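Undergrad: Questions regarding the structure given below will be posed in turn.
The values are calculated or read from the model by the stated rules, or taken from the named source; none is laboratory data. Quantities reported herein were computed from a predicted structural model and do not represent experimental measurements. For neighbour counting, all protein chains shown are included, and Cβ atoms are generated from backbone atoms with ideal geometry for every residue, glycine included.
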Amino acid sequence: MEHFMKPAPIEKKYFTPGVMVFVVLAAIGLVFLAIRFIGGIGAVTNLDNQHPWGIWIGLDVALGVALAAGGFTSAALGHIWHREHYHAIIRPALLTALLGYTFVAVSVAMDLGRYYYIWHPLIMWNGTSVLFEVGICVMIYLTVLYIEFLPIVAERFIGRVNLPGLLSRLNKTVDSLLRALDRGLDKTMFVFIIAGVVLSCLHQSSLGSLMIIAGPKMHPLWQTPILPLLFLLSAIGVGFPMVIFESLISSRSFGLKPETPILTNLGNIIGPILGIYLAFKIGDMVIRQTFVYLTTITTESVMYAIEIVIGVIVPLRMFLSEQVRKSPAGLFIASSLVIFGVFMNRLNTFLVAYTPPYEMTTYFPSVGEIAVTVGFISIEVLLYRLMVKIFPVISHPQKDVAPQTKFSVRGMI
Amino acid sequence: MLKQDRRSFLKTSALIGAGITGLKSKDTKAQTRHVISEDRMGVLVDTTVCIGCRKCEWACKTAHDLPAGDIESYEDRSVYEKMRRPDDKALTVVNEYSNPDPTKLPTNVKVQCMHCDEPACLSACIVGAFSKDESGSVVWDTEKCIGCRYCMIACPFQIPAFEYDKALQPDIKKCDFCIERTTQGQLPACVEICPVEALTYGRRKDLIEVARKKIKNYPDRYIDSILGDTEVGGTSWMYLSGRDFQELDFPKLGEDPAPGVSESIQHGIFAYFVPPISLYALLGGVMWLNKKKEKSKEE
């Protein structure tokens, strides 16, 4: 009989030697984070009045948002363009985006001098502030992501609610609440899905507008009025590579067969998107004549060259080759390069390009800053592994089940 | 994927659209105060007069409850060996630039917030913690600030400083143009103490007149330029100099207000919320069409 692919909780033991490494890294990060809360931001970071933003913003937030773009790009492809074929990747991408954005929010809070006032933008509005727009969009989008995830929670627990002790009397009530919620969401989910895509387009681009106000403080190679467009295009460009990257890693980690045909199809889309991005990037350079800065060897010119050549041109060429797109190894390498390219771009835009007029020292992230960043990534990986064990996220072949549509519900007629 | 008819789809979309417009149109009303008064005050700094006594540094710290130390200790001129910048412990500092002509005296330059007419910090602040008062002062509100330090990214003069060593309630520190003193009819602390009248406090438009007159009457003493007259849309603090301003480490800035490009892009993307709502409608249309296509395939 045929084996249908269906999302289901992964049944594999949680702790492996690899997982233990992440646990240790997470613990180290949390220790440094504790120091930040005791001694202030200056106690852990190398930030100063010349360099107000470091990797906690440039990487944890700006790169974090970009790498979580797989959530909205796959939602657009699967739900809005209605490509049923891709449904297997939507849930993992959604979970990644959910965890990614959650940690973007956490990272922002850690970097705020007054983290306990993080709710202020909700009631204190400043329409001219790009950061305000980014903040509000990210807050709403995070909520939308949680709503999009609710049906998965409902699917897991409907008919299986089993509360401990005295609470068990509420089992029936919770169950019927879940069913009502699920039915309600089934009818209205399209509203949230479209809203998610619109909100993503808005804040992905505005994240680029953030640095425009820095004006001449930013190196001309990156300071351009089309920064928002470049950020949006690169976010769309890195969305699917991130999905491929994760899908291949989790197949390997859980001993599943890689979903190569779906990933190959995704790979077909990546080439053109990267091409458009590259065209805008090069076109912008030609129009503003910033290529003059590439004729001398400086930190900026080298970083720019690495970003463009290794991070965009090489993976673009790779994704155009059918041979690469059909092999998991080729897909993995090409996707990793795209991710590296966006990593370099966000790092360059927020940190390398930022040269204030009175710069007495140069910024390099401290051990504490790196430890916290690595710690957060580790916690994300650990949570992802936990979530896919609890919830039906990853599709794998199962016997004796009929194919079901995405929002169909267990136990209902 | 989702079960519903076209009617309910359109109805819900319209409702959501209306909800978003209704919700967001409020934020076009600026919450921050940005008053450009005809009579706003300013200070004219004549760097050809300043003797670098640093008394203004002492007076500033004293007026703002910062540890100031002994006023005699400010006579130590060895601090001039290195360029210093205002920070959370000193809202103004004086730097010294030796003259290329050794027979001439060095130039001293007092540095503090310029109190821009179009402040980048005010435009950038996520919670609108900055306001431009009708007196000309750009002031920061501790009640609102969340400590994101975006104002520091935005400021073209690299002025706002942050208290990195504080775990709770770190402040953004910058010159507040002694707003507490001026509202009580007193002079700003630095202007009051200056023994050589290198600092002139007055209405900004009068100060420009004074500056132009000085340049006209003493063409050998001054270069024909007032820093702050037009830079980034004009500033409340303005400088006269006998040397090129770039020699004195002033940043080279254009006449366009610092927040200009960023605000026009922001307003372009959010022009009456038309672009986001159109995108929403467009995606809704695509979704509906694709669904219909699939349905007709099934039938």
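Undergrad: Surrounded by fewer than 17 Cβ atoms within 10 Å (Cβ to Cβ), within 14 Å of chain A (Cβ to nearest Cβ) and touching a Ser or Thr at 6+ places or on another chain (Cβ under 7 Å): which single residue out of B:Glu294, B:Glu255, B:Glu263 fits that description?
TA: B:Glu255
Undergrad: If you don't mind, there's one more thing I want to ask. Among the numbered conditions (1) of a type outside the set (Val, Ile, Thr); (2) exposed (fewer than 14 other Cβ atoms within 10 Å of the Cβ); (3) within 18 Å of B:Gln112 (Cβ to Cβ); (4) free of Cβ contacts under 8 Å to residues at least 24 places away in the same chain, tell me where B:Leu187 comes up short.
TA: Result: B:Leu187 passes all but (2).
Undergrad: Taking the range A:1-40 as the region of interest, how many residues are touching a strand residue (DSSP E or B) at 6+ places or on another chain (Cβ under 8 Å) and of a type in the set (A, V, I, L, M)?
TA: Total meeting the criteria: 3.
Undergrad: Something else now. Hey, does the range A:325-345 have a residue that's closer than 29 Å to A:Asp284 by Cα, away from chain B (no Cβ under 14 Å), more than 22 Å from the chain's Cα centre (by Cα) and assigned to a loop (DSSP other than H, G, I, E, B)?
TA: no
Undergrad: Collect the residues in the range A:252-274 that are touching a Gly at 6+ places or on another chain (Cβ under 7 Å) and not hydrophobic (A, V, I, L, M, F, W, C), keeping them in residue-number order.
TA: Selection gives nothing.
Undergrad: Further question on the same structure: From the list B:Leu91, B:Leu122, B:Leu105, exactly one residue is within 14 Å of another protein chain (Cβ to nearest Cβ) and over 9 Å from the mean Cα position of the chain (by Cα). Which is it?
TA: B:Leu91
Undergrad: Now a separate question. Do you know which of the residues in the range A:28-84 that are β-branched (Val, Ile, Thr) and closer than 30 Å to B:Tyr280 by Cα is farthest from the chain's Cα centre (by Cα)?
TA: Result: A:Ile80.
Undergrad: Taking the residues in the range B:130-163 that are more than 8 Å from every other protein chain (Cβ to nearest Cβ), assigned to a loop (DSSP other than H, G, I, E, B) and closer than 17 Å to A:Pro121 by Cβ as candidates, determine which candidate is nearest to the chain's Cα centre (by Cα).
TA: My answer is B:Asp141.
Undergrad: Just checking, which of A:Tyr304, A:Tyr358, A:Tyr293 is under 29 Å from A:Asn46 (Cβ atoms) and within 14 Å of chain B (Cβ to nearest Cβ)?
TA: Just one listed residue meets the conditions, A:Tyr358.
Undergrad: What is the number of the single condition among (1) within 12 Å of another protein chain (Cβ to nearest Cβ); (2) touching a helix residue (DSSP H, G or I) at 6+ places or on another chain (Cβ under 9 Å) that B:Cys178 does not meet?
TA: Single failed check for B:Cys178: (1).
Undergrad: Right, here's the next one. Taking interchain pairs and intrachain pairs at least six residues apart, which have beta carbon atoms under 6 angstrom, with the first residue in the range A:113-124 and under 18 Å from A:Gly39 (Cα atoms) and the second surrounded by fewer than 19 Cβ atoms within 10 Å (Cβ to Cβ) and not charged (D, E, K, R)?
TA: Pairs that qualify, where the first residue is under 18 Å from A:Gly39 (Cα atoms) and the partner is surrounded by fewer than 19 Cβ atoms within 10 Å (Cβ to Cβ) and not charged (D, E, K, R), are A:Tyr115/A:Ala109.
Undergrad: Counting residues that are crowded, with 19+ Cβ neighbours inside 10 Å and in the same structural domain as A:Pro151 (by TED's automatic domain parsing), which helices (runs of 4 or more DSSP H) fully inside the range A:1-74 reach at least 3?
TA: A:64-67
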